[in-house]
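A.B. asks: Can you keep this structure in mind? I'll have questions shortly.
The values are calculated or read from the model by the stated rules, or taken from the named source; none is laboratory data. Owing to the predicted nature of the structure, the values given are computational and were not obtained by experimental measurement. Methodologically, a virtual Cβ is constructed for each residue, glycine included, from the backbone with ideal geometry; neighbour enumeration extends over all protein chains shown. The protein model used for the area step is the full one, side chains on, heavy atoms only, and it has no ligands, DNA or RNA in it. Shrake-Rupley method; radii C 1.70, N 1.55, O 1.52, S 1.80 Å.
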Amino acid sequence: IKLQLWNIHIRIETIKCKCRVNHMTSLKGRKALVTGSTGFVGSHVIKALSSTGYLVRGISSTLSDDLHTVRDINGTTDWSGVLKDVDTIIHTAALVHKEHPTEEDICRYNDVNLKGTLNLAEQARNQVRLFIFISTIKVNH
C-alpha cells in the first residue's frame, strides 16, 4: 500500500513500515500534533516528521511520556490547550473493528471515530494551517 498525502509518503509492507517525509526548508520549528501516535501508522508518522525538524506532540489513549499525552477522543473533547501554536494535525486515531461488535461497541465507534474526528476538525478549523486525516479499512464508523 502506498499513500501520498501532503508530501508524506507511507509505504506499508507485510513486515516493514517505511515512512518518509519530503524535506522542505520551511519545516524547522513548525509544530505538529499526531493523534493515534502509538499506533502503527501514527508512530511512523511521528518519526518521519521529527526527522524533518518538526516539533511533534503525540496524542495516545494508552501512553504518556515526554512525546505522548493521554487524551480521550470523542465528540466533547476540549482541544483548546492542545492546539495552541500547532501548525499541522495528522489525525490517525480511531477504534478498530471487532469481530462481533456489541451495541455498546458501535456507539463507542460512532463517538470516537465519527464525532471525535469531526470535533477535532471543527476546533482546529481556525487555528491550524493543515489537517490530514488518515484512516484504514479496519476502522468502523
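Results for (1) acidic (Asp, Glu); (2) assigned to a loop (DSSP other than H, G, I, E, B), shown as yes or no for each residue.
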{"position": "77", "(1), (2)": "no, yes"}
{"position": "90", "(1), (2)": "no, no"}
{"position": "93", "(1), (2)": "no, yes"}
{"position": "99", "(1), (2)": "yes, yes"}
{"position": "110", "(1), (2)": "no, no"}
{"position": "116", "(1), (2)": "no, no"}
{"position": "128", "(1), (2)": "no, yes"}
{"position": "135", "(1), (2)": "no, yes"}
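A.B. asks: So the check is Cβ under 6 Å with 6+ separation or different chains; which pairs have a first residue in segment 54-70 that's at negative phi and a second one that's in a loop (DSSP other than H, G, I, E, B) and open to solvent by 80 Å² or more (accessible area, probe 1.4 Å)?
C.D. replies: Matching pairs, first to second residue: 70/64.
A.B. asks: Could you list, in sequence order, the residues of segment 84-126 that are in contact with a Lys or Arg (Cβ under 8 Å, 6 or more places away or on another chain), open to solvent by 40 Å² or more (accessible area, probe 1.4 Å) and within 22 Å of residue 40 (Cβ to Cβ)?
C.D. replies: 95, 96, 97
A.B. asks: Another question about this same structure. Does residue 129 count as touching an Asp or Glu at 6+ places or on another chain (Cβ under 7 Å), modelled with pLDDT of 90 or more and open to solvent by 80 Å² or more (accessible area, probe 1.4 Å)?
C.D. replies: Answer is yes for this residue.
A.B. asks: Regarding residue 99, is this residue modelled with pLDDT of 90 or more, over 14 Å from residue 30 (Cβ atoms) and among the acidic types (Asp, Glu)?
C.D. replies: The answer is no for residue 99.
A.B. asks: Name the residues in segment 36-57 that are part of a helix (DSSP H, G or I) and of a type outside the set (A, V, I, L, M, F, W, C), would you?
C.D. replies: Once the filter is applied, which keeps residues that are part of a helix (DSSP H, G or I) and of a type outside the set (A, V, I, L, M, F, W, C), segment 36-57 yields 42, 43, 44, 47, 50, 51.
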